[in-house]
Amino acid sequence: MTVMKKTTIYLLTLMLLAGCEKNFDPNIYGTLNSSNFPATEKDYESYAMLCYTPFTTTWVYFIGSGYNQHSMYIPEGGAVRLFDATSDIMAPWTTGWGGEWLRFSMADFSNCRYYYRGHSGADHLNHFQKTAEVTRFTEIIGTIENAPDEIFHGDKKRNLIGEARLCRGLMMYYLLHMYGPLPLITDPDDVHDQDKLNDMERPSLDEMCKWITDDFEFAIANMAENVSEQGRYTADYARFCLMKHCLNEGSHMDGYYERGMELYNELNNGKYDLFTSGTNPYADMFKIGNKFNREIIMAVSCSETGNGEGNSGNFWPFMMLAVPTDAAKTDADGNPTPFALQGGGWGQNFNVSPEFYATYEDGDLRKDVILTSYWSTNGYEVNDSHLGSRWDGYIINKYPIETETPFQGTDYPLARWADVLLMFAELDVRLSGSAPSQEAKDAVNKIRHRAGLDDLSDEDVATAEAFLTAILEERGHEFIYEGQRKIDLIRFNVYARAVYKVKGVTPTHQYMPLPDYAVDQARSLGKTLTQTYLRPGWTEDLANIGSY
């Protein structure tokens with residue numbers, strides 16, 4: 001049986017995890033079988049909701065194929081570890097636990113080839129098993145497509161298929177940015193076709209990009225525009241996802257930049273704007289009291305009562321991974337510190353590199369979510385003089401500790417209007433190849449003004465190249481620890497150079513190598529599954545180390 005094969009399950013327990021602590025809660029079902037489930041509209045909706053499971057925040061999840069997996073958004077093994085910790089945002093974690101935490105912080109992916117199936121040790125970073133989940137989603141999509149139309153009310157059937165296809169498109173999107181193109185099952189007729197299941201060779205980049213695009217386009221055309229449950233996906237979130245995909249892949253996919261611009265116009269519908277309340281709107285935007293403000297197109301909605309178990313809803317353990325173990329609750333004078341409600345964390349697994357911090361302009365309010373010193377339980381202030389001994393970088397306090405609970409109820413942002421504005425500005429110059437339009441400059445400056453900064457300089461907007469450089473820097477400061485940085489750096493073809501500039505090391509790979517067992521399994525089937533993938537331009541990036 002290939003790693004992508006969907007095992008036929010006659011008895012299964014479905015734990016359906018959703019995205020919100022209210023209304024959109026987990027539903028626990030008992031033992032079900034293929035003769036009585038799904039049967040009703042509610043059954044089919046519950047079946048479709050299974051596709052949300054990898055996009056929740058619990059310690060691990062299991063949906064009936066593969067092994068226990070980390071979700072795309074759990075900090076321990078999801079986007080912030082894969083795409084932020086491996087980038088120029090974070091300094092190598094030399095004072096920490098070693099192992100994969102150190103290797104990933106140094107952009108060292110050489111150990112990935114030795115990962116095995118399951119969830120133990122480093123293997124929890126093996127996301128290749130999610131290829132089986134794409135097959136499972138394809139089976140779910142086919143099942144709903146074949147359901148009797150008469151059991152559904154209104155547009156419910158096509159809405160559910162749209163949601164499932166958005167989730168499948170997202171899964172493929174993340175797999176692409178982890179490993180490069182992968183062999184996947186996207187046609188329900190192929191779910192039980194052994195020849196298709198055994199076809200374990202990488203597709204072309206264009207082919208996989210088209211699979212993702214098709215799912216996002218279907219979702220846009222068929223999903224609900226508005227939902228009552230916060231955290232449940234909408235057609236606008238599908239538009240955002242496709243706009244991001246079009247920007248990432250427009251350099252080699254005809255018409256993608258143009259489609260990205262169309263999506264901007266569709267999203268520019270008056271529903272969204274930058275959050276501007278408070279003395280520091282950027283910092284306040286991420287606080288619990290401002291959940292799903294006007295800037296948020298989509299977020300993983302979390303509860304402070306969540307504990308990481310599958311039946312407790314989403315939780316957000318980020319600050320346990322961002323705060324040093326010896327962080328004190330009070331300072332020398334007895335005043336509360338930012339950690340008064342939590343105390344020390346697990347070891348500051350995530351940090352902000354001092355070199356990256358130095359790229360912020362004076363007066364940038366976004367710097368306020370970074371703490372450059374802290375009071376230790378050992379009775380002294382830890383600061384720059386302790387870098388390399390007590391800590392390796394500064395504390396990211398973007399998701400502040402607001403409740404006296406083990407974990408926070410802070411939401412994890414997935415799509416913000418600020419991102420739409422910066423994507424629009426980037427598309428503007430990538431399409432024209434010339435200096436930015438006034439509208440593109442205004443979009444970037446609007447974000448800078450929210451951060452307390454002046455307009456971009458004349459030099460920054462003089463040419464397309466200068467403007468793109470400025471946008472990349474803005475993106476780093478705006479979306480720090482939102483799980484985007486490595487993807488951005490690769491799109492700009494500076495990943496190797498940016499990492500070398502901050503970490504002093506060259507990434508071992510552009511994308512994570514596939515595990516040996518998958519390569520060996522393909523070989524046993526007479527197929528060649530290339531272990532590593534490189535985008536065009538990677539060699540040039542490596543050749544210019546030291547010039548960024």
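The values are calculated or read from the model by the stated rules, or taken from the named source; none is laboratory data. Owing to the predicted nature of the structure, the values given are computational and were not obtained by experimental measurement. Quick reminder, even Gly has a Cβ in these numbers, built from the backbone with ideal geometry, and neighbours come from all protein chains shown. Protein only, heavy atoms only, side chains kept; ligands, DNA and RNA dropped before computing areas. Shrake-Rupley method; radii C 1.70, N 1.55, O 1.52, S 1.80 Å.
How big, on average over all directions, is the shadow cast by the Cα convex hull of segment 256-366, in nm²? Can you show the working numbers first?
Details: hull surface 45.7 nm².
The number I arrive at for segment 256-366 is 11.4 nm².
Lys and Arg at +1, Asp and Glu at -1: add these up for the other residues within a Cβ distance under 13 Å of residue 488 and post the number. Write down the numbers at each step before the final one.
Details: positive: 244, 475, 485, 486, 491; negative: 84, 88, 419, 426, 473, 474, 478, 482.
It works out to a net charge of -3.
So, with +1 on the Cβ of K and R and -1 on the Cβ of D and E, and no other charges, what is the size of the charge dipole of segment 318-393 about its Cα centre, to the nearest 20 debye? Mind showing how you got there, number by number?
Numbers: 4 positive and 11 negative charges, 65 e Å.
Here segment 318-393 has a charge dipole of around 320 debye.
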Options 443, 135, 480, ranked by Cα towards positive dipole end of the chain, top entry (Cβ charges): 135
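Report the full-extension gain for the segment residue 530 to residue 62: residue separation times 0.36 nm, less the Cα-Cα distance, to one decimal in nm.
That pair, residue 530 and residue 62, stretches by 165.7 nm at full extension.
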Residue 530 long-range amide H proximity, modeled H, under 5 Å: 202
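Using unit Cβ charges (K, R positive; D, E negative) and no other charged atoms, how large, in debye to the nearest 20, is the dipole of the chain about its Cα centre? Write down the numbers at each step before the final one.
Values: 47 positive and 77 negative charges, 227 e Å.
Dipole size: approximately 1100 debye.
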Cα-based reach from residue 527 at 17 Å (exclusive), listing aspartates and glutamates while leaving out same-chain residues under 8 positions away: 193, 195, 199, 201, 516
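Dipole magnitude of segment 254-379 about its Cα centre, charges +1 at Lys/Arg Cβ and -1 at Asp/Glu Cβ only, in debye to the nearest 20? Please list the in-between numbers first.
Details: 8 positive and 17 negative charges, 82 e Å.
In debye, rounded to 20, segment 254-379 gives about 400.
What Kirkwood Rh does segment 57-193 have if only Cα atoms enter the pairwise 1/r average? Answer in Å. Don't skip to the answer; put the middle values down first.
On the way: mean 1/r = 0.0599 Å⁻¹.
Its Kirkwood hydrodynamic radius stands at 16.7 Å.
What is the calculated FRET efficiency for residue 381 to residue 110, with r their C-beta to C-beta distance and R₀ = 30 Å, to the nearest 0.05?
Numbers: r = 38 Å, r/R0 = 1.25.
So, using R0 = 30 Å, E works out to roughly 0.20.
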Those aspartates and glutamates that a straight Cα-Cα span of less than 15 Å connects to residue 156, excepting residues fewer than 8 apart in one chain: 41, 43, 45, 145, 225
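Please grab the % of Cα pairs in segment 486-548 that end up more than 20 Å from each other. Could you put the intermediate results ahead of the total?
Values: 726 of 1953 pairs.
Looking at segment 486-548, the distances longer than 20 Å represent 37 percent of pairs.
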Residue-count net charge about residue 435 - beta-carbon cut-off 12 Å; Lys, Arg +1, Asp, Glu -1: -4
Value of relative contact order over the chain, rounded to a whole percent, pairs C-alpha under 8 Å and six or more apart: 19 percent
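Provide the net charge surrounding residue 421, with neighbours chosen by a C-beta distance below 12 Å and charges set as Lys +1, Arg +1, Asp -1, Glu -1. Each step should come with its number before you reach the end.
Numbers: positive: 416, 441, 446, 448, 450, 475; negative: 273, 295, 419, 426, 428, 439, 442, 474, 478.
So the surrounding residues net to -3.
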Using alpha-carbon coordinates, inclination of helix 235-249 to the longest axis of the chain, degrees: 70 degrees
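Suppose a student asked you for the relative contact order of segment 279-331, using Cα pairs under 8 Å spaced at least 6 residues apart; what percent would you report? Could you put the intermediate results ahead of the total?
Working: 29 pairs, mean separation 9.3, N = 53.
Computed value for segment 279-331: 18 percent relative contact order.
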Translational diffusion of segment 222-285, µm² s⁻¹ [Kirkwood Rh, Cα pairs; Stokes-Einstein; 20 °C; 1.002 mPa s]: 157 µm²/s
Solvent-accessible surface (1.4 angstrom probe) belonging to residue 108, in square angstrom, nearest 10: 40 Å²
Between segment 280-301 and segment 371-436, the alpha-carbon center distance in angstrom: 14 Å
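Please calculate how many Å² of accessible area segment 290-358 carries per residue, with a 1.4 Å probe and no DNA, RNA or ligand atoms counted. Don't skip to the answer; put the middle values down first.
Details: 2360 Å² over 69 residues.
With the other protein chains kept in place, segment 290-358 gives 34 Å² per residue.
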Accessible area per residue in Å² at 1.4 Å probe, computed on segment 454-548: 41 Å²
Label-point separation in nm, residue 251 to residue 221, each point 7 Å along Cα→Cβ: 3.0 nm
Rounded percent of accessible protein surface that carbon and sulfur make up, the chain, 1.4 Å probe: 46 percent
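Say R0 is 51 Å: what FRET efficiency, to the nearest 0.05, do residue 364 and residue 517 get from their beta-carbon distance? Could you put the intermediate results ahead of the total?
Values: r = 46 Å, r/R0 = 0.91.
The value I calculate is 0.65.
Please work out the FRET efficiency for the pair residue 455 and residue 312, using the Cβ-Cβ distance as r and a Förster radius of 45 Å; give the result to the nearest 0.05.
Working: r = 46 Å, r/R0 = 1.03.
So the FRET efficiency works out to roughly 0.45.
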